[in-house]
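Working notes for the structure below.
Only the coordinates and a few stated rules stand behind these numbers; no lab work does. The structure presented is a predicted model; accordingly, all values stated were derived computationally and were not measured. Ideal geometry is used to build each Cβ from the backbone, glycine not excepted, and the neighbour counts take in all protein chains shown.
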């Protein structure tokens, strides 16, 4: 596995790879790799000749109350996991390499960001779009892999690729779950024993709602209220949001039809958990 730290060297590597008519699969991350990342890497390895993993804690997507400096970092561990996953190139640039000067142009995401988690993180997806634009230009992948646990991010990346005509195929990969259905997350370790017993009901409430829709219910407000009641009956967490939107456009709908997302966020004492289901009605 090659570890590359400069943009110039990364671009040169990809150029040589494509001259050999090899495909490039790309998994962009901020490091501190977990099972979700590894699943993306395995999928990229299965579908491409070369796999590039980037590790870059991007300062432009952190808000004023979010501590960029305390974001967990463990490069030696990440490097070992990447090597075991069969990564060909680990792109590990510094902030100075990615942002050598004060930007003269700023990207602003105007749709798909004022709902769900994005509603409470203004500017976050501007930073995500900025760094991905840079990375897509540097790595020029054939395919880019993102986890559906953060379905809003996938929706924003979908729009970025379409709006800027990137020759990249977006590959959404399903949420990785524990045996009881709880979406895997580094935050799960902060749950108390009782909260850990309650947390799987987040996914169960979504499954139950999907079944109701499959059976013919078309009123989104009714479904939202049923999910909320289900969560109140089975968890002591504070419901942050229960929402239903079209997907990937994330617009309000009055009647359940087409591709939709059911999305939930529940805050426990020390962990805020998100989950979602996307499907065709």
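I need 149, 120 ordered by Cβ neighbour count within 10 Å, fewest first. Walk me through the intermediate numbers first.
Working: 149 19, 120 11.
Ordered by Cβ neighbours within 10 Å, fewest first: 120, 149.
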### Message
So if I take the centroid of the Cα atoms in region 63-135 and the same for region 151-174, what is the distance between those two points in Å?
### Response
15
### Message
Based on alpha-carbon centroids, what's the gap between region 239-281 and region 1-39 in Å, whole number please?
### Response
32
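Could you compute the FRET efficiency for residue 280 and residue 65, with r as their C-beta to C-beta distance and R0 at 35 Å, rounded to 0.05?
The calculated FRET efficiency here is 0.40.
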### Query
222 nm [θ] for the chain, helices only, -39500 (n - 2.57) per DSSP H run of 4+, per residue, to 500?
-11500 deg cm²/dmol
### Query
In degrees from 0 to 90, rounded to the nearest 10, what is the angle of the helix 151-163 Cα long axis to the longest principal axis of the chain?
50
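Please give the contour-minus-distance gain from residue 272 to residue 232: 0.36 nm per residue of separation, less the Cα-Cα distance, rounded to one decimal in nm. Please list the in-between numbers first.
On the way: separation 40, 0.36 × 40 = 14.40 nm, distance 1.55 nm.
12.9 nm is the gain from fully extending residue 272 to residue 232.
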### Message
Using only Cα atoms and rounding to the nearest 10 degrees, what angle (0 to 90) does helix 200-214 make with the longest principal axis of the chain?
### Response
70
### Task
Using the number of other C-beta atoms within 10 angstrom as an exposure proxy, rank 99, 145 with the fewest first.
99, 145
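Work out, step by step, the length gained on full extension between residue 194 and residue 42: first 0.36 nm times the residue separation, then minus their alpha carbon distance; give nm to one decimal.
Working: separation 152, 0.36 × 152 = 54.72 nm, distance 3.34 nm.
Length gained between residue 194 and residue 42: 51.4 nm.
Would you mind ranking 50, 23, 214 so that the residue whose beta carbon has the fewest other beta carbons within 10 Å leads the list?
Values: 50 21, 23 16, 214 10.
So the ranking, lowest neighbour count to highest, is 214, 23, 50.
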### Query
In nm, to one decimal, how far is the residue 212 label point from the residue 251 one, both placed 7 Å along Cα→Cβ?
2.5
